[in-house]
Each structure stands twice: as structure tokens, then as C-alpha cells.
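First up is the structure itself, then whatever we jot down about it.
The values are calculated or read from the model by the stated rules, or taken from the named source; none is laboratory data. All of these numbers come straight from a predicted model, not from anything done at the bench. In this analysis, Cβ positions are derived from the backbone assuming ideal geometry, glycine residues included, and neighbour counts consider all displayed protein chains.
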Amino acid sequence: MKITRLKKVRQLKNKTQEEVAKQAKVTTRSYRYYESGDRVPDVITAQRIALALGTTVEKLFPYKA
């Protein structure tokens, strides 16, 4: 199982997937897809997730060329 930065940060902040999803205004199911790396959130959603976790989009979703 791949552990994404998103999951690492969430765990460091001691938040559940449900808490982050609610704060980011997405379904828990969608959040789980983002956290597992199966899907990539749109820009607005990524910003809301970063805000919920008190970090930046760049730290959660690093650019890969």
C-alpha cells in the first residue's frame, strides 16, 4: 500500500479522513480516492484540502514533470 503525502500530513495532524473531507467539502469517498492516489483533486478542492490540513497545495501534491 502506497502512503501518500496527503495521508502522512493528515496523520501528523491527528485528523480522520471524515474530518478532512467535511472541512474540504468533499465526500469521504472522494477524499479516500485522493489520499490513495487513485484520483487527483481539481485545483479548488486541493486548496480546500490544504486549508483543512493547515498546509499548502504544493506540499500535499508536489509537481512531477
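Figures for the structure shown
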read-out: Options I3, I44; residue that is β-branched (V, I, T), exposed (fewer than 12 other Cβ atoms within 10 Å of the Cβ) and at pLDDT below 95; value: I3
read-out: Hits in region 1-38 - residues which are more than 15 Å from T56 (Cβ to Cβ) and assigned to a loop (DSSP other than H, G, I, E, B); value: M1, K2, I3, T4, N14, K15, T16, K25, V26, T27, G37, D38
read-out: Matching entry among L53, L60 (being modelled with pLDDT under 95, surrounded by 17 or more Cβ atoms within 10 Å (Cβ to Cβ) and on the phi < 0 side of the Ramachandran plot); value: L60
read-out: Tally of residues being of a type in the set (G, A, S) and over 18 Å from K64 (Cα atoms) across region 1-49; value: 3
read-out: Subset of region 6-23 that is touching a residue at least 40 places away in the same chain (Cβ under 8 Å) and not aliphatic (A, V, I, L, M) - its residue that is surrounded by the most Cβ atoms within 10 Å (Cβ to Cβ); value: R10
read-out: Inter-residue pairs, beta-carbon under 7 Å, first closer than 17 Å to K13 by Cβ and among the polar types (S, T, N, Q) and in region 24-52, second surrounded by 20 or more Cβ atoms within 10 Å (Cβ to Cβ) and at pLDDT 95 or above, 6+ apart; value: T28/A21
